[in-house]
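> Dumping the structure here so I can ask a few things about it.
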Amino acid sequence: MKALLATSLLLLSANLWAASVVVEDAYVRSMPPTQTVTGAFLVFKNSTDSDRAVVSAESDVSDKVELHTHLHEDGVMKMRQVDQIDVPAGGETVLEPGGFHVMLIGLKQPLKLGQMVDIKFYIDDGSSTQVQAEVKTIMSGMKMKGGMDHKKMDHSKMKTMEN
């Protein structure tokens, strides 16, 4: 009976401290070995009925981890650090090239294709969540939403090597 009670309390306390935001589809962009900076892309999902925000992150593969976004200013795309990434109640926030993303700055060693990178995210409610993100080429990590129907494209005006 005591063991059952202890197990129940342990499960209850684990549920109370479970992360309010979870991570899906995480990957880290592969870069040439001479680069000391790369990006991570993923989806934050919030199944709670309260808005949440991811406020910081850390990883043992880099000196710093920063939350970033891209802004279009004066006709130029610029990357900027942000204080947090909001995740709406019952919703998700997609981190992708050209938008929100995670920067791994000061890589301690070159990352290899297929390597798994641990990243821990801290949420504004005090919870945290950890993910293993695979190192991939940027194109293999991207998902085309809805796919691309190449047959419907008009190729008649395309220039070829012969043109």
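> Output the qualifying pairs, or none if there are none: Cβ atoms under 6 angstrom, residues six or more apart or on different chains, first residue in the stretch 102-131 and under 14 Å from F44 (Cα atoms), second residue buried (at least 16 other Cβ atoms within 10 Å of the Cβ) and modelled with pLDDT under 95.
Final answer for the pair search is I123/S20; S127/A19; S127/S20; T129/A19.
> Among Q132, Q109, which is the only one that is within 27 Å of T38 (Cβ to Cβ), at pLDDT 95 or above and part of a loop (DSSP other than H, G, I, E, B)? Don't jump to the end; show me each part of the working.
Numbers: Q132 fails: part of a loop (DSSP other than H, G, I, E, B).
Within the list Q132, Q109, the selection yields Q109.
> For the stretch 27-79, what are the residues that are among the basic types (K, R), more than 18 Å from G126 (Cα to Cα) and either modelled with pLDDT of 95 or more or surrounded by 15 or more Cβ atoms within 10 Å (Cβ to Cβ) (or both)?
Here is the first cut: in the stretch 27-79, the residues among the basic types (K, R) are 29, 45, 52, 64, 78.
With more than 18 Å from G126 (Cα to Cα) added as a condition, the list becomes 29, 64, 78.
Within the stretch 27-79, R29, K64 meet the criteria.
> Residues being part of a strand (DSSP E or B) and free of Cβ contacts under 8 Å to residues at least 40 places away in the same chain: count how many of those fall in the stretch 25-71. Let's see the steps before the verdict.
Just the residues of the stretch 25-71 that are part of a strand (DSSP E or B), to begin with: 25-29, 37-46, 52-58, 62-71.
In the following step, the residues that additionally are free of Cβ contacts under 8 Å to residues at least 40 places away in the same chain were identified as 66-71.
Residues flagged as part of a strand (DSSP E or B) and free of Cβ contacts under 8 Å to residues at least 40 places away in the same chain within the stretch 25-71 amount to 6.
> Which one is surrounded by the fewest Cβ atoms within 10 Å (Cβ to Cβ) among residues in the stretch 80-125 that are among the acidic types (D, E) and within 14 Å of the chain's Cα centre (by Cα)?
First, pick out the residues of the stretch 80-125 that are among the acidic types (D, E): 83, 86, 92, 96, 118, 124-125.
The next check asks that each one be within 14 Å of the chain's Cα centre (by Cα); those that pass are 86, 92, 96, 118.
On the way: D86: 15, E92: 14, E96: 17, D118: 12.
Top of the filtered list is D118.
> Hey, another quick one. Just one of the numbered conditions (1) more than 22 Å from S127 (Cα to Cα); (2) modelled with pLDDT of 95 or more; (3) touching a His at 6+ places or on another chain (Cβ under 7 Å) is not true of L95; which one?
Unmet condition: (1).
> Is the stretch 143-151 home to any residue that is in contact with a strand residue (DSSP E or B) (Cβ under 8 Å, 6 or more places away or on another chain) and at pLDDT below 90? I'd like the intermediate steps shown before the answer.
Just the residues of the stretch 143-151 that are in contact with a strand residue (DSSP E or B) (Cβ under 8 Å, 6 or more places away or on another chain), to begin with: 143.
From what is left, the residues that are at pLDDT below 90 are 143.
The answer is yes, given that some residue of the stretch 143-151 is in contact with a strand residue (DSSP E or B) (Cβ under 8 Å, 6 or more places away or on another chain) and at pLDDT below 90.
The values are calculated or read from the model by the stated rules, or taken from the named source; none is laboratory data. None of these values were measured; they are calculated from a predicted model. Note that each Cβ is placed from the backbone with ideal geometry, even for glycine, and that neighbours are counted across all protein chains shown.
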